[in-house]
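Let me begin by presenting the structure, written as structure tokens, before commenting on it.
The values are calculated or read from the model by the stated rules, or taken from the named source; none is laboratory data. Predicted model, so just to flag it, every value in this text is computed and none were measured. As a convention, Cβ positions derive from the backbone with ideal geometry for all residues, glycine included, and neighbour counts pool all protein chains shown.
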Amino acid sequence: MKDNTTITPLHQPGTILDPLTEIAREGARQMLAAALRAEAASFVASFTDERLADGRQRVVHHGTGPTRMIQTGIGPIQVERQKVRDRATDVPAEKKVRFTSTILPRWARRSRSLDALLPVLYLRGVSTGDFQEALASLLGADAPNLSPSVIARLTAGWQEDYDRWQRRDLSARSYVYIWADGVYLQARMEPTAECMLVIIGATPEGRKELLGFQVGVRESAQSWRELLVDLKARGLRAPPKLAVGDGALGFWKALEEVFSGTRHQRCWFHKMSNVLNHFPKSMQPAVTADLREISHAATRAAALAAIETFKEKYGAKYARGVACLTKDTEALLAFYEFPAEHWDHLRTSNPIESVFATVRHRTVRTKGSLSQKTAKLMVFTLVRAASKTWRKLNGTNRLPSVIEGVKFTDGVAHRDATESRAA
């Protein structure tokens, strides 16, 4: 019977009318199914030569498991787990061939990227109770596994990850350089000014890793000492060659006590900001250019000459700004005694600053929405997720020379200079 109704159905709240997303989701489902079949087929093919006594193939494809929903960045996708069977009957159970998909872990209910997205959303100002509503436009109104109770369980999982990470053994680890900073969060913190103490380390292979992370009382020497002593107690014996940080006296005092052999490099980004505070805004562009001429000088001698010029130029009228710069001259120019390929990494604590730009933005917009404990876990989870995309140091081939203690002058190793003169 022909339907002659003129009633137009209204768009219901919480539903998404987006054919393009549905097409993308169906395409993703088909591609995932094909990838899972190919993965299982490749696994079975690797056992082609293993046969039973009657000549039959020992390891075979054995159908699929029940359909289940996986939550992804484009919404829920139906998947079927591929099953593989070992038909041998004369081997013990523990020696049976078993297949585990690397694409689809056995108990997975969400993609890993989605788990990484949740702390980012929280740090952007979305409360746990609003996650489902906030994600409806992306994942669909029927998105499972994102209820407040699930988010609470995820938080508990993050706590377990943090505790396990804090207990990890560092006896087999070493770090050539470290960057340290204290990040203040205004997130329902108690009257004491607590902050996140963060240390990032560069491995001998040139990779950057989160090395230390804990809540401290301001950036006091005692808080930094506790963090550094904990790292040493868990096996980090070799002192880093160079530490990069701002002018917080607490860190440098603690570093001198725990790793006395580590050189100090003050962060130029923080130093320039501190110096500019002593100049009127109208002069700051010109002063910034002069400071960059110092920090990016080709040699230490050129940097010292630029500092003298800066003193002559501004010393009479802006003595405090000049004093702010010159009091840390040695620490500001320490990078000249390391490979020139590493200078961009060593002039600043930007590896930490860039990661926490999002965190600071979130806490400014939503003050009071985070408990101190939740803030710590969310920030830790966010940093761990971000660390997967940190770029390696330039000139990784120079790191062995730094580890061996080769002397560098203006970024050039002494033995390189000797070989150049001999040639």
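Annotations
- Number of residues in segment 242-260 that are without any contact (Cβ under 8 Å) to a residue 24 or more places away in the chain and under 19 Å from Leu333 (Cβ atoms) equals 2.
- Cβ-Cβ contacts under 6 Å between residues 6 or more apart (or on different chains), taken from a first residue in segment 373-398 that is in contact (Cβ under 8 Å) with a residue 40 or more places away in the chain to a second residue that is among the charged types (D, E, K, R) and assigned to a helix (DSSP H, G or I), are listed as Asn394/Glu341; Gly395/Glu341; Arg398/Glu341.
- Segment 260-271: number of residues that are among the hydrophobic types (A, V, I, L, M, F, W, C) and crowded, with 19+ Cβ neighbours inside 10 Å: 2
Conditions (1) crowded, with 17+ Cβ neighbours inside 10 Å; (2) modelled with pLDDT of 80 or more, marked per residue:
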{"position": "Gly315", "(1), (2)": "no, yes"}
{"position": "Lys327", "(1), (2)": "no, yes"}
{"position": "Val355", "(1), (2)": "yes, no"}
{"position": "Thr363", "(1), (2)": "yes, no"}
{"position": "Phe380", "(1), (2)": "yes, yes"}
{"position": "Phe408", "(1), (2)": "yes, yes"}
